[in-house]
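Handing you a structure now.
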Amino acid sequence: MPVTEKMICITCPMGCSIEVTHEGETLLHVDGNTCPRGEEYVRRELTDPRRMVATTVRVKDGVHPLVPVYTARPFPKPRIFELLAALRQVELDAPVAMGQVVLPNALDTGIDILASREMPRSSS
Ligand code: SF4
């Protein structure tokens, strides 16, 4: 049975409000997108929604106890909580370099998790 819902395209800062009619993963009608990327976004949302994820992981002997990290590519949305749980188990040894892979191939997705800043070792 067809369903009509609203989605906000997050592809660019315009944030178009798009009205979508679909039946499962089959797109029937799209309205409100200012450019073709809006329809691509809607298709992805229906079949394989993904988000960039940013969080922190623990660092042993660093000048701060946590370092910010992010997904190298958008991550499958249904598995984000699983990813956050896996990252809570990670503890890095200082020093940490900016861009360092802190968790390779997270949850077998082929997506690495990277440090978004350096974390020097504490002098004490
Ligand atoms: S539909 Fe196009 S213009 Fe609108 S938010 Fe998406 S990418 Fe931006």
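Which of the residues belonging to region 14-32 are β-branched (V, I, T) and either over 17 Å from T47 (Cβ atoms) or within 9 Å of the ligand (Cβ to nearest atom) (or both)?
Our first condition is that a residue be β-branched (V, I, T); within region 14-32, this holds for 18, 20-21, 26, 30.
Within region 14-32, I18 is the sole residue that qualifies.
If I filter region 1-43 down to residues being in a strand (DSSP E or B) and among the charged types (D, E, K, R), which single residue comes out as nearest to the chain's Cα centre (by Cα)?
Going through the qualifying residues, I end up with K6.
With respect to V57, is the statement that it is in a strand (DSSP E or B), within 15 Å of the chain's Cα centre (by Cα) and at pLDDT 95 or above true?
In short, no.
R73 fails exactly one of the following numbered conditions: (1) in a strand (DSSP E or B); (2) surrounded by fewer than 13 Cβ atoms within 10 Å (Cβ to Cβ). What is the number of that condition?
Every condition holds for R73 apart from (1).
Pick from V67, V42: which is touching a Lys or Arg at 6+ places or on another chain (Cβ under 9 Å) and either surrounded by 15 or more Cβ atoms within 10 Å (Cβ to Cβ) or in the same structural domain as L83 (by TED's automatic domain parsing) (or both)?
V67
Go through region 1-39 and count every residue that is acidic (D, E) and loosely packed, with under 14 Cβ neighbours inside 10 Å.
4
The values are calculated or read from the model by the stated rules, or taken from the named source; none is laboratory data. Everything numeric here is computed off the predicted structure, so don't read it as measured data. Using ideal geometry, Cβ is built from the backbone for each residue, glycine included, and neighbour counts are taken over all protein chains shown.
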